[in-house]
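The values are calculated or read from the model by the stated rules, or taken from the named source; none is laboratory data. None of the values given here were measured: they were computed from a predicted structure. Note: ideal-geometry Cβ built from the backbone for every residue, glycine included; neighbour counts use all protein chains shown. Accessible surface is based on the protein model in full, side chains and every heavy atom, while ligands, DNA and RNA are left aside. Shrake-Rupley method; radii C 1.70, N 1.55, O 1.52, S 1.80 Å.
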Amino acid sequence: ITPNGATVATGRDDRSVLGRFLPRVTLTSPASFPNGPFSRSSLGLSRTYPSQGFVENVAAGGNNLFALHVRPDRRLRGEIVLTQLGGTSSPVVRSATFGYSSPSLAASNPSQVIFVERDHTTSSGTPGNIVFRPATLSGFAGTPTRLPPSVSTSVEDEMLPALTSNGRYLGFVRNFRSDPARDDRLFVWDTVTQTFLNPNGINLGIRGSDGLCASASIYQETLLTS
């Protein structure tokens with residue numbers, strides 16, 4: 001969802017163009033919600049791929065910037081790319097060792113991309129960690145920086161990060177690989193105080209058996225109390 005709430009961005013299958021494949025995102029206006037009809041348009045990357053893939057996840061930030069989790073082939077690990085509506089796309093962030101997914105942007109600092117990094121060099125895979133990396137349409141600077149151990153643990157699986165529009169609060173879901181009997185929990189972390197708003201998390205119940213393909217969205221609301 002864009003910071004102003006005017007557009008919902010969703011991933012889709014690539015479009016075939018002259019033997020190549022163009023990743024695309026559907027942009028939907030919820031202005032007439034819930035009745036519709038809903039006006040839609042497309043956001044495409046400024047690059048194509050040699051095989052059929054899809055955009056699995058999208059994050060919207062300020063300045064009409066979007067971070068995409070692209071799967072260039074259904075069998076391949078994901079990569080992250082930054083693109084601008086009506087503009088160009090950055091070089092992708094990809095790795096032979098890591099898979100990247102679930103990007104998140106803040107409206108106040110859309111050039112700081114948060115995403116999930118997962119090492120795929122072992123047969124069972126490793127827990128997902130939440131990392132961040134500065135990015136512009138010219139490219140991603142440096143290497144992914146892992147968030148503190150209180151957020152990106154070395155044992156559990158952290159996923160689905162989402163930022164408030166001012167970039168201060170980070171919401172994410174933790175799956176307890178160390179104790180599979182435990183349900184997933186939702187946490188919110190304050191990046192300024194480096195503390196959790198809910199240290200015990202919110203129980204999300206039992207996860208379905210159809211795998212995980214989802215995203216999270218978080219926003220602030222002012223409450224007046226007497």
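Taken over the range 115-129, the criterion of being surrounded by fewer than 24 Cβ atoms within 10 Å (Cβ to Cβ), β-branched (V, I, T) and in contact (Cβ under 8 Å) with a residue 24 or more places away in the chain is satisfied by T121 alone.
The combined condition, being open to solvent by 70 Å² or more (accessible area, probe 1.4 Å) and outside any strand (DSSP E or B), is not fulfilled by T153. Would you check if there is a residue in the range 169-180 being within 20 Å of P3 (Cβ to Cβ) and outside any strand (DSSP E or B)? No, the range 169-180 has no match at all. Once the range 130-163 is narrowed to residues that are over 14 Å from the mean Cα position of the chain (by Cα) and of a type in the set (D, E, K, R), the residue that is nearest to A216 (Cα to Cα) is D157. When V113 is evaluated against the numbered criteria (1) assigned to a loop (DSSP other than H, G, I, E, B); (2) within 30 Å of N200 (Cβ to Cβ); (3) of a type outside the set (F, W, Y); (4) touching a Leu at 6+ places or on another chain (Cβ under 7 Å), which criterion, by number, is the only one it fails? Status for V113: all satisfied but (1).
Of note, S152 does not satisfy the criterion of being touching a strand residue (DSSP E or B) at 6+ places or on another chain (Cβ under 8 Å), in contact (Cβ under 8 Å) with a residue 60 or more places away in the chain and within 28 Å of R182 (Cα to Cα).
Conditions tested, residue by residue: (1) loosely packed, with under 12 Cβ neighbours inside 10 Å; (2) in contact (Cβ under 8 Å) with a residue 60 or more places away in the chain.
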site	(1), (2)
L163	no, no
G167	no, yes
V173	no, no
A181	yes, no
R185	no, no
W189	no, no
T195	yes, no
N198	no, no
G205	yes, no
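Provide a single number: the residues in the range 135-150 that are open to solvent by 60 Å² or more (accessible area, probe 1.4 Å) and assigned to a strand (DSSP E or B). The qualifying residues number 3.
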